2 protein chains.
Amino acid sequence: MRKLPAKLASQLYGAAELIAERGLDATKIEDIAEATGIPKATIYYHLDGKNAVLEFLLSDLLDMIAGAVGVAVSTAEDARTRLVAAVVAQLEVMLEHPYLCRALVGDLGRATRLPELALALRAAFYEPIEQLLNDGVADGSLRPVADPAAVAMSVFGAITVAGLSAAVDGPSDDPNADAARLSAAICELLLNGLATDRAGETPNLRAT
Amino acid sequence: MRKLPAKLASQLYGAAELIAERGLDATKIEDIAEATGIPKATIYYHLDGKNAVLEFLLSDLLDMIAGAVGVAVSTAEDARTRLVAAVVAQLEVMLEHPYLCRALVGDLGRATRLPELALALRAAFYEPIEQLLNDGVADGSLRPVADPAAVAMSVFGAITVAGLSAAVDGPSDDPNADAARLSAAICELLLNGLATDRAGETPNLRAT
DNA sequence: TCACATGTTGTACTGCCAGTACAAACTAGC
DNA sequence: GCTAGTTTGTACTGGCAGTACAACATGTGA
């Protein structure tokens, strides 16, 4: 598949707000052509149909998140500080692109196959966070966890749903302030937990 | 909008696996008719089109989650124990309906309008959890948090993404064992946090 | 038991739109 | 100057969501 010319690539973002608002199904190719300024025949020349617009936008968003999180977890700070930075990094990317996030969450199955998305998230987020958890045990800033994979997914979920809620509320006047506020709450939760008393074991309800 | 007859309602679940696999767009009404055993004209008599199938399924899933979480947070136990029960409850509902969860996450924008989903989640999950957080401060089992709304969303996100990951992996031989394993990891994270040292304040990076 | 209302469903049909084909003109590279 | 790739307007096809309608079945109330 040929690489999309940079000009067209940036123009495709013009479709994000439209798709966020209407959903892909209710958005005609003609509408996308008008919103992006790319004629319909040109879209079909470069992309494999309407779904490919979202495929491209998802791929770009994941690259941005992977890049930002990659930078955040690669500093010389201790693991705890880097975890905080990773939370901030993902939230900032999401809140800088609220329409893009909304468009994708509404039609995720048309942007990718979900098992492929799981693989992409593994590479972009879960593995770096699992590595960070290991680093934290090594440098003493984080506690060991029994199931790092489940923890990494939950960290991603905590960030994503909070970020999406902000994105659904509509673009903010100050995305960076929102990212700071949300990340403070999320980091407080993820680092310190909610329990007043750190009992040795979590009660295990409903083991059946 | 008339209430769907119970027989038809239960038959509609037959479409969940199909839609989970192909996506709604690639699933014809004829396919849904065949998978559910409901003739096409009958579907159109009772529902307002293809999207209404997912609307119905989403509504049902949210009711199940709201019901299960509602029961979990209403026992006489302390708030911490009830929070654990709520995590288990949501995961169990999700893992008992993996195809339904996958179908909905792939075509969420066709099942509902996202602002409406936000309102439904507020009622079904966020408010009960925020109330629980308040109860926990009162009974001393949970620490106060500065932003209960953000915490409730993050709790939901942590559970949902972990549950979806399990759902995407395909139905398990033992959904209750998966729910127990995941909920142990999630509760450990949410209650005890990852930090070794509960510093007074979370470092506030990137305040710009 | 009858009349009426509602539910069920097969089938034919319409309109819309994704996507294709093709041709013409432009641009890039050698 | 030639060739290949890019850009794009326009006409077109096929598939399918959704509608209309008619016929039959079931339920309800008097």
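The values are calculated or read from the model by the stated rules, or taken from the named source; none is laboratory data. Nothing here was measured: the structure is a model prediction, and the numbers come from that model. Positions of Cβ are generated from backbone atoms using ideal geometry, with glycine treated the same way; all protein chains shown enter the neighbour counts. All accessible areas refer to the heavy atoms of the entire protein, side chains included, with ligands and DNA or RNA removed. Shrake-Rupley method; radii C 1.70, N 1.55, O 1.52, S 1.80 Å.
Are any residues in segment B:160-173 more than 7 Å from chain A (Cβ to nearest Cβ) and either assigned to a helix (DSSP H, G or I) or open to solvent by 40 Å² or more (accessible area, probe 1.4 Å) (or both), and if so, which ones?
B:Gly163, B:Leu164, B:Ala166, B:Ala167, B:Asp169, B:Pro171, B:Ser172, B:Asp173
Quick check, is B:Ala35 open to solvent by less than 20 Å² (accessible area, probe 1.4 Å) and away from DNA strand D (no atom under 12 Å from the Cβ)?
Against the criterion (open to solvent by less than 20 Å² (accessible area, probe 1.4 Å) and away from DNA strand D (no atom under 12 Å from the Cβ)), B:Ala35 does not qualify.
Return yes or no: is B:Leu114 closer than 20 Å to A:Asn192 by Cα and either more than 16 Å from DNA strand C (Cβ to nearest atom) or of a type in the set (Phe, Trp, Tyr) (or both)?
It is false that B:Leu114 is closer than 20 Å to A:Asn192 by Cα and either more than 16 Å from DNA strand C (Cβ to nearest atom) or of a type in the set (Phe, Trp, Tyr) (or both).
Can you report the number of residues in segment A:38-66 which are closer than 21 Å to A:Pro98 by Cβ, more than 14 Å from chain B (Cβ to nearest Cβ) and within 16 Å of DNA strand D (Cβ to nearest atom)?
Count: 1.
Given the conditions (1) more than 7 Å from every other protein chain (Cβ to nearest Cβ); (2) open to solvent by less than 30 Å² (accessible area, probe 1.4 Å); (3) of a type outside the set (Gly, Ala, Ser), report the number of the one that A:Arg110 does not fulfil.
Just one mismatch for A:Arg110, condition (1).
Examine segment B:75-87 for a residue that is more than 17 Å from the chain's Cα centre (by Cα), surrounded by fewer than 21 Cβ atoms within 10 Å (Cβ to Cβ) and within 16 Å of DNA strand D (Cβ to nearest atom), and state whether such a residue exists.
There is no residue in segment B:75-87 that is more than 17 Å from the chain's Cα centre (by Cα), surrounded by fewer than 21 Cβ atoms within 10 Å (Cβ to Cβ) and within 16 Å of DNA strand D (Cβ to nearest atom).
A quick yes/no check of all residues on (1) outside any helix (DSSP H, G or I); (2) more than 12 Å from DNA strand C (Cβ to nearest atom):
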{"residue": "B:Lys3", "(1), (2)": "yes, no"}
{"residue": "B:Leu8", "(1), (2)": "no, no"}
{"residue": "B:Ile19", "(1), (2)": "no, yes"}
{"residue": "B:Asp31", "(1), (2)": "no, yes"}
{"residue": "B:Leu58", "(1), (2)": "no, yes"}
{"residue": "B:Leu61", "(1), (2)": "no, yes"}
{"residue": "B:Met64", "(1), (2)": "no, yes"}
{"residue": "B:Thr81", "(1), (2)": "no, yes"}
{"residue": "B:Ala89", "(1), (2)": "no, yes"}
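Could you check B:Asp197 against (1) assigned to a helix (DSSP H, G or I); (2) at the interface with chain A (Cβ under 9 Å from one of its Cβ atoms) and say which number it fails?
If we test B:Asp197 against (1) assigned to a helix (DSSP H, G or I); (2) at the interface with chain A (Cβ under 9 Å from one of its Cβ atoms), just (1) comes out false.
Any chance you could count how many residues in segment A:113-145 are without any contact (Cβ under 8 Å) to a residue 60 or more places away in the chain, open to solvent by less than 20 Å² (accessible area, probe 1.4 Å) and over 14 Å from B:Ser165 (Cβ atoms)?
3
Considering each of A:Leu54, A:Leu100 in turn, give the residue that is without any contact (Cβ under 8 Å) to a residue 60 or more places away in the chain and not acidic (Asp, Glu).
Criteria check complete, one pass: A:Leu54.
Got a number for residues in segment B:38-53 being near DNA strand C (Cβ under 10 Å from one of its atoms), open to solvent by less than 50 Å² (accessible area, probe 1.4 Å) and assigned to a helix (DSSP H, G or I)?
Of the residues in that region, 3 qualify.
What number goes with the only condition from (1) more than 16 Å from DNA strand D (Cβ to nearest atom); (2) within 13 Å of chain A (Cβ to nearest Cβ); (3) open to solvent by less than 50 Å² (accessible area, probe 1.4 Å) that B:Val69 does not pass?
Going through the list (1) more than 16 Å from DNA strand D (Cβ to nearest atom); (2) within 13 Å of chain A (Cβ to nearest Cβ); (3) open to solvent by less than 50 Å² (accessible area, probe 1.4 Å), B:Val69 breaks only (2).
Which number in (1) at the interface with chain B (Cβ under 7 Å from one of its Cβ atoms); (2) over 23 Å from B:Leu117 (Cβ atoms); (3) of a type in the set (Gly, Ala, Ser) marks the one condition that A:Ala185 misses?
With respect to (1) at the interface with chain B (Cβ under 7 Å from one of its Cβ atoms); (2) over 23 Å from B:Leu117 (Cβ atoms); (3) of a type in the set (Gly, Ala, Ser), A:Ala185 is out only on (2).
Please count how many residues of segment A:137-158 are within 7 Å of another protein chain (Cβ to nearest Cβ) and in a helix (DSSP H, G or I).
Residues flagged as within 7 Å of another protein chain (Cβ to nearest Cβ) and in a helix (DSSP H, G or I) within segment A:137-158 amount to 7.
Looking only at residues that are within 14 Å of chain B (Cβ to nearest Cβ) and open to solvent by 70 Å² or more (accessible area, probe 1.4 Å) in segment A:2-24, which one is farthest from DNA strand D (Cβ to nearest atom)?
Ranking the candidates gives A:Glu17 first.
Looking at (1) buried (at least 23 other Cβ atoms within 10 Å of the Cβ); (2) touching a residue at least 40 places away in the same chain (Cβ under 8 Å); (3) not acidic (Asp, Glu), can you tell me which one B:Ala152 breaks?
(2)
Among (1) within 11 Å of another protein chain (Cβ to nearest Cβ); (2) more than 8 Å from DNA strand C (Cβ to nearest atom); (3) not in a helix (DSSP H, G or I), there is one condition A:Thr27 misses while meeting the rest; what is its number?
Evaluating A:Thr27 over (1) within 11 Å of another protein chain (Cβ to nearest Cβ); (2) more than 8 Å from DNA strand C (Cβ to nearest atom); (3) not in a helix (DSSP H, G or I) leaves (2) as the failure.
Which members of segment B:74-107 meet the condition of being touching a Ser or Thr at 6+ places or on another chain (Cβ under 8 Å), aliphatic (A, V, I, L, M) and at the interface with chain A (Cβ under 7 Å from one of its Cβ atoms)?
B:Val84, B:Ala85, B:Val88, listed by residue number.
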